[in-house]
Amino acid sequence: MISKNVAVVEALNVKKTYMLGKVPVEALRGVNFRVNQGDFVSILGPSGSGKSTMLNLIGALDKPTSGTLFIDGVDIGRLNDNQLSDLRRRIGFVFQFFNLIPRLTARDNVELSMSIADMGKSERRKRALELLETVGLKERINHKPAELSGGQQQRVAIARALANNPKFLLLDEPTGNVDSKTASEVLALIQNLNKEHNVSIIMVTHDEKLARQAKRTVKMFDGEINSDVVN
Amino acid sequence: MKSIDVFGYSFNAIKLRKLRSALTTLGVIVGIAAIVALLSITQGLQTTITSELNQGLSANTLIVRPSSGNDIGGGFGQGISGTGFSLYSNYTTEINSLSPDIESSVAVMSRSGYIQTENLKQSATIYGIDFNQYAQVYPTFKAETGYIPTDPLENQAVVGTRINQPGQNGTIFFDAGNIINIAWVNATVLPPVDESYTAVVAGVLEKVGGFGSNGPSDTGVYIPIETAQSFFGTDQCDMIIVTLKDSDNATVTSVSKAITDHFSNQVSVTSPTAMIDMLSSVFDTLQLFLVGIAAISLLVAGIGIMNIMFVSLIERTREIGILKSLGMKSRSVLSIFLAESAIIGLIGAVAGIGLGYGLAAIVAQVISSGVFGGGGGALAITPLLTPTVIAGALAFGIGISVIFALYPAWRASKLKPVDALRYE
Ligand SMILES: Nc1ncnc2c1ncn2[C@@H]1O[C@H](COP(=O)(O)OP(=O)(O)OP(=O)(O)O)[C@@H](O)[C@H]1O
Ligand SMILES: [Mg+2]
C-alpha cells in the first residue's frame, strides 16, 4: 500500500501572470498547495478566481511564472518541451468541454492517447474497449462525439484520461455541462476510481454540494487559496 | 508516437476533407502529369529517332558529299559545289585505296522525280545505286515483295513501300512485276523537259520508317546507277557512302580526315554517330527546357499545399491543443502535418504519372497517325516511361509537397497546448 504522505502535487508560492497586451493579469498570486497519493480534492471558487489556471499548471499544460511546482516529484519549471509531453502522458485530464476529436469514434478517441504513448495497436484496442465498458459506453464505441450526449462525451473523456494509467486525474467542471442524474453517475465513477484504484483526483467545480463529496475542499478567490478543509 | 500511427492519423484527416484534399492533390497531379508526359514523349521520340537513324545509317558508315559551303545546286543537290568541285561515281575506287580501314564505298545519285502508272502519279526520290553494294551497307534495303536483283537489267527498279501504297492503308496501286513510268523534270536544259522511261518493278522494300534520311527510304525509287547516269545525263553523283571495317571513333576520325585531305577540303564527311550524338544533346537540352516549364506548375501546386496547410493549421488549432495535452510531442505534430502533405504528394504523383503517360500515349497516337507526318505512319512514337522518370516524379511530387508544408507544420508543432485549447 502506498503511503498517504507521498505528494503527487506540491505547489510552493506558485504565481501565474498572463499578459493581455501590455496589461499583466495575475491569475495566481502565490499558491501553496499539496495533494497526496490517493487524495480526492475539489477546488471551489467563483469564476475568474484562477481554478482552471491552477489545473492547467498541474496538468503540465503550462509553466508557472514564478514559484516551484512539483508534479510526481519533478519541478516542471525545469522540464523542456519533450519532458513535459512525457509527463502529460502520465496525467489524466478531463476538460470542461470534453475536447474529444470530432472526426474520431469514441473508441478511436480513447485509443488516441494510448497511440500517442506508443502503445501497440492490438493492445490499445483491447484496452479502449475495456475502458469504455467501465464507463458504461460499451454500446457506443463506434459513435462519434456528435452522436453522443453530453454525459456520454464526458464519460468518453474520462475513459481517455484513464487510458495510460495516470497517477492522478484532473477534472475541470466535470458536471458543469450535464444534468444532475448524469452528474451523480459521473461522481460515482470518480469516487470508485479513487477508492478502488487509489487514483488521486483533483476536481474543479462551481457546485458546493458536489465539492463536499470530495475528501477535501480547497476554496480559491482572486488567484489565492483562502481555505483548505477536510470534509 | 509510432510512424504507422502518425500516417494512420494523417490519412484519416485527409479522408475527412475529401473535396479539399482532392483539389490540393489535383495541383500536384497536373504538375507531375505535365512533366511525365513531356519526358515520356521526348524520350520516346528520341529513342525512335535514334534507332531509326541507327537503322538507316549504319554506325560504321561515312557520307561523303561535295563541300556544302556555298552550294549552288539548290533543291535536291546537283552534286556541284560552289567551288565547282563535283563527285563522280568512279571516285569510289580512289576512296577505297585511301585507308585499309575502308571496307567498300558506294556512289549514290539522287533526283526528285515522280512515278506514274495508269491510276497513280506519285512524287518520289529517284536513287541511282549499285544494288549489291547498297544492300551491303544498309540492311534495310530488303525486299518485302519481289526481290532485289543482284545483276539488275537496266530497266529494273526497286521501290519503297510508300510508293506503291502511298496511303499506307492497304490500297496497293502496283506491285513487283508491274510496269511503271519513272520520270523527272530535267531543268538543266531550257525550257525544262519532262523525261521518263518505262521500268519493271523488281521488288518493293520493307517498311523503313521516317528517319532513314541517308539510307533506304519509303519514298525512294531505286534504279541501277548506270541507268541513272544515262537517264540524268551525268556521271556526277551526290554522295559516296563509305563503309568502314569498324566504327571506332579513332577510325571514323582518321578516315574522315584522309578523305577530306585527299579532296583538298572540297568534300564534307559526316558520320552518323556524330549526328546521333548531336541530336541526343539537342534532345537533352529540349527536355530540360520543357521539364523546367512543367516544374513551374508544380511550384504553384506547392504554394497551394502551403496555403491548405495554413488553413488546416488554423482550423485544427484546438485539435493540436488536444493532441499536445494528451502528451503528443512537437515532433509528432510536425510529422502528422508533413505526413498529410506527403500522402497528398504521393497520391498526386502516382495519379500524375498515370495521367501523364496517358497523355503522352494520346499525343504519340496523334503524331503517329500522321497529323504531323504528312500522310500516315512516318513517325511511330511509343512514349517511354523509364524507371528513372517514375522515381524522379515520385520524389519530386512528394518532395515539393513536404517542402511547402514544412513551415506550416513547424508552426503547428510550436503551438502551446493552453493557447491552442483556448482557441475558438
Ligand atoms: N491565456 C490567458 N490570457 C489572459 N488572461 C487569462 C488567460 N487565461 C486566464 N486568464 C485570466 O486569468 C484569470 C483566471 O482565469 P481562470 O480561467 O483560471 O479562471 P477560472 O477560475 O477557471 O474561471 P471559471 O470558473 O469561469 O472557469 C481570469 O481573470 C482570466 O481572465
Ligand atoms: Mg475555468
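The values are calculated or read from the model by the stated rules, or taken from the named source; none is laboratory data. Since the structure is predicted, the reported quantities are computational estimates derived from the model, not experimental observations. Here the Cβ positions follow ideal geometry from the backbone for every residue, glycine too, while neighbour counts run over all protein chains shown. Ligands, DNA and RNA are excluded from the accessible area calculation, which covers all protein heavy atoms including side chains. Shrake-Rupley method; radii C 1.70, N 1.55, O 1.52, S 1.80 Å.
Observations, loosely collected:
- Modelled spin labels at B:F85 and A:K22, positioned 7 Å past Cα toward Cβ, are 9.1 nm from each other.
- Chains B and A, summed buried accessible surface - 1.4 Å probe, Å², nearest 100: 2300 Å²
- Kirkwood-type radius of region B:61-245, with distances r between different C-alpha atoms, in Å: 16.8 Å
- Surface analysis of region A:99-165 yields an accessible area of 41 Å² per residue, using protein heavy atoms and a 1.4 Å probe.
- Kyte-Doolittle at least 1.0, axis length at least 24 Å by Cα - qualifying DSSP helices, chain A: none
- Across peptide B:326-338, the average count of Cβ atoms from other chains found within 10 Å of a residue's Cβ is 5.
- Carbon/sulfur fraction of accessible area - region B:61-245, other protein chains in place, 1.4 Å, %: 48 percent
- Over region A:99-165, equivalent-ellipsoid semi-axes from the Cα gyration tensor in Å: 17, 12, 10
- Panel note: contact residues of region B:402-419 (accessible area lowered by at least 20 Å² against the chain on its own; 1.4 Å probe) correspond to B:P417, B:V418.
- A simple spin-label model places pseudo-atoms 7 Å from Cα toward Cβ; at B:Q136 and A:Q191 they are separated by 11.3 nm.
- Between A:F168 and A:G92, the built amide H atoms are under 5 Å apart, and every one of these is 5 or more places off in sequence or on another chain.
- Label-point separation, A:Q96 to B:K414 (7 Å along Cα→Cβ), nm: 2.9 nm
- Pairs of Cα atoms in the protein assembly as shown fall into 20 Å distance bins, from 0 up to the last occupied one, in shares of 15, 29, 16, 14, 16, 9, 0 percent.
- For the segment A:92-104, counting C-beta atoms of other chains within 10 Å of every residue's C-beta and taking the mean gives 3.
- Within straight-line cross-link reach of B:K18, aspartates and glutamates at Cα separation under 14 Å, skipping those fewer than 8 residues along the same chain: B:E340
- The HN-Hα couplings worked out from phi for region B:21-31 by the Karplus form 6.51 cos²θ - 1.76 cosθ + 1.60 (θ = phi - 60°) are 4, 4, 5, 4, 4, 4, x, 5, 4, 4, x Hz, whole numbers, x standing for Gly and Pro.
- Over the protein assembly as shown: helical MRE at 222 nm, DSSP H runs n ≥ 4 each giving -39500 (n - 2.57), nearest 500: -14500 deg cm²/dmol
- Check: the protein assembly as shown dipole with +1 on Lys, Arg Cβ and -1 on Asp, Glu Cβ, in debye: 5540 debye
- Within-14-Å neighbourhood charge of B:Q156 [Cβ basis; K, R +1; D, E -1]: -4
- Whole-Hz couplings from phi, Karplus 6.51/-1.76/1.60, listed for region B:254-271; x for Gly and Pro: 5, 5, 4, 5, 4, 5, 4, 4, 4, 9, 6, 6, 8, 10, 10, 10, 10, 10
- Seen from B:A187, the other residues with C-beta closer than 14 Å to its C-beta sum to a net charge of -1, counting Lys and Arg as +1 and Asp and Glu as -1.
- Mean accessible surface per residue for chain B, computed with a 1.4 Å probe while every protein chain stays in place, in Å²: 45 Å²
- List B:S40, B:S3, A:S66, ordered by accessible area with a 1.4 Å probe, largest first: B:S3, A:S66, B:S40
- Database remark: amide H of B:S105 closer than 5 angstrom to the amide H of B:T243 (H placed geometrically; neighbours at sequence offset of 5 or more, or on other chains; Pro and chain starts carry no H).
- Once backbone amide H atoms are built at 1.01 Å from N, B:G209 has B:D218 as its partners under 5 Å, excluding neighbours fewer than 5 places away on the same chain.
- Within 10 Å of each Cβ in A:59-68, the average number of Cβ atoms from other chains: 2
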